[in-house]
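To keep things clear, I will list the structure first and then write my remarks on it.
Just so you know, all these numbers are worked out from the coordinates, no wet-lab data involved. Given the structure is predicted, the values throughout are model-derived calculations rather than measurements. Positions of Cβ are generated from backbone atoms using ideal geometry, with glycine treated the same way; all protein chains shown enter the neighbour counts.
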Amino acid sequence: MLTVENLNVWFGHPPDRVDAVQDASFTVPQGESFGLVGESGSGKSTILRAIAGLIDTWSGTIAVAGKPQSARKRDRAFFKTVQMVFQDPYASLHPRHSVDAVLSETLRLQGMDDIDRRIARLLDDVGLGRGFCFRYPHQLSGGQRQRVAIARALAAEPRLLLLDEPTSALDVSVQAEILNLLADLRAEHGLTYVMVSHDLAVVGHMCDRLAVMQAGRIVEVMGVTALRQGTAQQEYTRQLIAASRGYARA
Ligand SMILES: Nc1ncnc2c1ncn2[C@@H]1O[C@H](COP(=O)(O)OP(=O)(O)OP(=O)(O)O)[C@@H](O)[C@H]1O
Ligand SMILES: [Mg+2]
């Protein structure tokens, strides 16, 4: 479903150029949930944004469903296949657009018909009733907003969802609800996920495999069993696991 090979992503020009991602490679088979973890600034969001077509300064290969993507603008077919959910549902929804407006606009952009029935279905899919149709973002809780953002991502009927810390802006009690929703949606719709999280417990729960990043590079790609058992190949990964356990105990 996704192939990333020798990906380099940079910002700016020398001498101020930032090499945010260097020589990153991983593949995600259809239906898998793949995690990206690593310390702040290690390049996790940058990888997702490059895949999503939000950054054009990169080299290497990004192929989605076997189709290599160019650094320039993506076509409509791309956005039908790939959608992204951002960390902050407060920022990602337009304050003056009702839920109905957000979803109908996305559905129309995708050339879909039968808009009302689709909106009802989407709201149902994300555990919000039709009663939420005419609410505005400020009339929703953080968790409800993220449900709307997820519904908007699903509206295109994508196959690959890019999730950038989808629950880290939410209250702990709501995080589990949204994670469970995402797990259910993946099973129901046969979706493939790439999920960024700084929380190894979340990745251990949600993902099949993961890449560990440090300073722009992928230091290790591993299965979640190895993560749970703490049997990482690289010293850096073992430190990261130990640190997250120490934190969990504290
Ligand atoms: N638009 C930009 N212009 C310049 N530098 C940037 C830009 N976006 C990101 N960077 C830099 O690229 C590096 C990687 O940033 P990125 O946002 O991918 O990190 P991250 O792993 O997602 O971190 P966090 O866990 O804090 O979200 C950082 O050094 C950051 O400062
Ligand atoms: Mg980030």
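What the table below lists for this structure:
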read-out: Calculated from backbone phi, Karplus (6.51, -1.76, 1.60) coupling profile of region 192-206 in Hz, x at Gly/Pro; value: 10, 10, 10, 10, 8, 8, 8, 9, 5, 5, 5, 5, x, 7, 9
read-out: Nearest-ten-degree value, helix 235-249 long axis tilted from longest Cα axis of the chain; value: 60 degrees
read-out: Inter-label distance for Gln22 and Leu109, nm, one decimal - labels placed 7 Å from Cα along Cα-to-Cβ; value: 3.5 nm
read-out: Fewest-first ranking of Lys80, Lys44, Lys67, using other Cβ atoms within 10 Å as the exposure measure; value: Lys67, Lys80, Lys44
read-out: Relative intensity, log₁₀ I(q)/I(0), of the chain from a Debye sum that treats every alpha carbon as a point, q = 0.15, 0.16 Å⁻¹; value: -1.09, -1.21
read-out: Estimated vicinal HN-Hα couplings, Hz - region 209-219 in sequence order (Karplus 6.51, -1.76, 1.60; Gly, Pro = x); value: 9, 8, 10, 9, 10, 9, 6, x, 10, 7, 8
read-out: Span from the region 1-67 Cα centroid across to the region 189-232 one, whole angstrom; value: 15 Å
read-out: Rg and Dmax [Cα atoms of region 105-202; Å; Rg one decimal, Dmax integer]; value: 13.5, 41
read-out: Sequence of Phe78, Phe86 once ranked by neighbouring C-beta atoms within 10 Å, starting from the fewest; value: Phe78, Phe86
read-out: Gained length - Asp56 relative to Arg72, 0.36 nm times residue gap less alpha-carbon distance; value: 5.2 nm
read-out: Residues with amide H under 5 Å from that of Arg135, placed H, sequence gap 5 or more; value: Val99, Asp100
read-out: Exposure proxy ranking, count of Cβ atoms within 10 Å, fewest first, for His13, His205, His189; value: His13, His189, His205
read-out: Inter-label distance for Ala243 and Asp171, nm, one decimal - labels placed 7 Å from Cα along Cα-to-Cβ; value: 3.0 nm
read-out: Inter-probe distance in nm under a simple model that places probes 7 Å from Cα toward Cβ, at Asp124 and Glu235; value: 5.7 nm
read-out: DSSP-defined antiparallel bridges as percent of all bridges, region 2-244, nearest 5; value: 55 percent
